[in-house]
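The values are calculated or read from the model by the stated rules, or taken from the named source; none is laboratory data. Note that the structure is a prediction, hence the values are computed from the model and not measured. We place every Cβ from the backbone using ideal geometry, glycine too, and count neighbours over all the protein chains shown. The accessibility values were calculated without ligands, DNA or RNA, using every heavy atom of the protein model including side chains. Shrake-Rupley method; radii C 1.70, N 1.55, O 1.52, S 1.80 Å.
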Amino acid sequence: MAETKTNVLVAGESGTGKELVGRALHRLGSRRSGPFVRESCAAISPQLLDGELFGHSKGAFTGAAGERAGLIESAEGGVLFLDEIGEIDETTQVKLLRFFGERTYERVGGSKTLSADVRVVAATNKNLKELVASGEFREDFYFRLSVVELWAPPLRERASDIPMLALSFLREFAEENAKSVTDFTADALEAIIRYAWPGNVRELRTAVE
């Protein structure tokens, strides 16, 4: 792949569409022919996250009956999107830090060094600089993670986007449910624009559905 492997950090409140930003970076880049692999770092325990990311060898732990490829291997040639990156523990940060620098890793319980051509896009709704200052997040990991840092603004700060997003969601769900609805009434659209949407894009999408 000719495209850079530069890491990208997408920060913003919950529901602002950070994964959509990650998917857009994948779709519009030269890695678009490769896979887009997603993992929520908060949805799995730290002990299991290592195995999910790096894979594991046979016998690495109870129930590991054979070798298993991790998400990094599955994302070869594409993009690995790590949501809620602020939730990972220091051990996993150290392992990913090495991968960022060398693009090499070992499966859990294995000794063979593997390599992968993967671009990492991470997302967080936490202030990682504050976590670094409090000692809860490694500073070196933060700097390697946020080579390019993007901000996904809350919906209340981009009210002009609301009608476009709402109409896009309306047409998506109308098609999905075989409905002939094509637009909002003037009153409905006014109410949508006036509302503050504390849950951001995710709340808007759910409301339209």
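The table that follows gives values for the structure above.
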{"item": "Boolean, Val108 is at pLDDT below 95, over 21 Å from Val21 (Cα atoms) and surrounded by 14 or more Cβ atoms within 10 Å (Cβ to Cβ)", "result": "yes"}
{"item": "Scan of the range 198-209 for residues that are over 15 Å from Leu170 (Cα atoms) and open to solvent by less than 40 Å² (accessible area, probe 1.4 Å), ordered by number", "result": "Gly199, Asn200"}
{"item": "Test set (1) open to solvent by less than 30 Å² (accessible area, probe 1.4 Å); (2) over 30 Å from Ser74 (Cα atoms); (3) polar (S, T, N, Q) - Ser146 fails condition number", "result": "(2)"}
{"item": "Index of the failed condition, Glu139 passing every other in (1) exposed (fewer than 12 other Cβ atoms within 10 Å of the Cβ); (2) over 20 Å from Glu13 (Cβ atoms); (3) without any contact (Cβ under 8 Å) to a residue 12 or more places away in the chain; (4) not β-branched (Val, Ile, Thr)", "result": "(1)"}
{"item": "Qualifying residue in the range 101-114 (condition: without any contact (Cβ under 8 Å) to a residue 40 or more places away in the chain and in contact with a helix residue (DSSP H, G or I) (Cβ under 8 Å, 6 or more places away or on another chain))", "result": "yes"}
{"item": "Unmet criterion (only one of (1) in contact (Cβ under 8 Å) with a residue 12 or more places away in the chain; (2) over 18 Å from the mean Cα position of the chain (by Cα); (3) open to solvent by 50 Å² or more (accessible area, probe 1.4 Å)) for Leu131", "result": "(3)"}
{"item": "Count of the range 16-28 residues which are open to solvent by less than 30 Å² (accessible area, probe 1.4 Å) and out of contact with any strand residue (DSSP E or B) (no Cβ under 8 Å at 6 or more places or on another chain)", "result": "3"}
{"item": "Criterion violated by Arg98 - all others in (1) farther than 30 Å from Lys5 by Cα; (2) in a helix (DSSP H, G or I); (3) without any contact (Cβ under 8 Å) to a residue 12 or more places away in the chain; (4) charged (D, E, K, R) satisfied", "result": "(1)"}
{"item": "Where a residue in the range 169-197 is open to solvent by less than 80 Å² (accessible area, probe 1.4 Å) and its partner, wherever it lies, is assigned to a loop (DSSP other than H, G, I, E, B), with Cβ under 6 Å and at least six apart", "result": "Phe173/Glu209; Ala174/Val181"}
